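Read the structure below first, then the notes.
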Amino acid sequence: MGSNMIERTMINGRPCTVAYIRNDFTPADKDTFDLVKVLFDDGEVVFLANPDAVQEKRSEKRYSPDQPRDPDGKFGEGEGTEKTGVAAAIADLNAKFPVNPENDKERLLLVNGSRVGSFEVTERAGRLRIKSIEADTPGQGVGTTILHRITNAADRHGVTLELTASSKGSQHLSTDQLKEWYGKHGFVQEPGTDEAYGYMIREPR
């Protein structure tokens with residue numbers, strides 16, 4: 001990527017890398033860009049439609065790759081344009097973890113460029129739902145690492161997590177073991193549900 005496409009700067013005293021991109025998220029230069037991607041050194045990622053916002057403040061409208069667009073491919077400017085809550089948490093995770101080429105609904109955890117695990121999250125009824133967490137080699141702490149990344153994103157954006165603790169077979173933890181494992185990370189049985197179903201939630205911290 002050319003020097004006119006990416007640069008280092010400071011925004012509100014926070015060091016960051018700024019990249020210029022088009023609406024389809026391909027690289028662009030300062031004369032042809034549609035969006036500005038800001039990657040702060042602490043890991044936070046925001047997308048800005050107004051180039052002046054990079055120099056002025058971070059409170060301008062933010063955009064992410066899965067933001068709804070109009071028929072012309074442009075981001076909407078009406079209510080809900082700014083990513084908040086669950087949508088922001090998902091965008092955060094999507095920005096940090098590459099998509100699984102074998103399943104575009106999943107994201108991958110890589111170590112030294114090699115895949116070690118995968119996960120899938122989605123939005124359901126205003127909550128961030130964990131649909132799956134898989135370690136390629138169980139017992140190495142990969143699942144715990146993935147779960148920590150997800151809970152950190154949920155806490156950062158103030159959203160409730162939910163999941164169904166259910167065993168997938170003999171090679172996985174039992175349902176009771178899963179409940180115990182999730183319980184160690186702040187999940188509790190969802191109030192008003194039957195314990196047998198394994199419905200669990202975690203409030204943001």
In region 32-54, what residues are modelled with pLDDT under 70 and charged (D, E, K, R)?
-> Asp52
Flag for Arg205 being assigned to a loop (DSSP other than H, G, I, E, B) and touching a residue at least 40 places away in the same chain (Cβ under 8 Å) | yes
Failed condition for Leu147, given (1) in contact with a His (Cβ under 9 Å, 6 or more places away or on another chain); (2) closer than 25 Å to Glu44 by Cα; (3) at pLDDT below 95, with all others met?
-> (3)
Any idea how many residues of region 100-153 are assigned to a loop (DSSP other than H, G, I, E, B) and not small (Gly, Ala, Ser)?
-> 7
Looking only at region 147-163, decide whether some residue is among the polar types (S, T, N, Q), over 16 Å from Ala91 (Cα atoms) and surrounded by fewer than 19 Cβ atoms within 10 Å (Cβ to Cβ).
-> no
How many of the residues in region 181-205 are in contact with a strand residue (DSSP E or B) (Cβ under 7 Å, 6 or more places away or on another chain) and closer than 16 Å to Gly126 by Cβ?
-> 4
What tally of residues in region 164-176 results from selecting those that are part of a loop (DSSP other than H, G, I, E, B) and surrounded by fewer than 18 Cβ atoms within 10 Å (Cβ to Cβ)?
-> 9
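Of the residues Lys179, Lys131, Lys184, only one is surrounded by 17 or more Cβ atoms within 10 Å (Cβ to Cβ) and modelled with pLDDT of 90 or more; which?
Lys179
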Only one of Ala125, Ala165 that is touching a Leu at 6+ places or on another chain (Cβ under 6 Å), without any contact (Cβ under 8 Å) to a residue 40 or more places away in the chain and under 22 Å from Tyr197 (Cα atoms) | Ala165
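The values are calculated or read from the model by the stated rules, or taken from the named source; none is laboratory data. All of these numbers come straight from a predicted model, not from anything done at the bench. Reconstructed Cβ throughout: ideal geometry from the backbone, glycine too, with neighbour counts over all protein chains shown.
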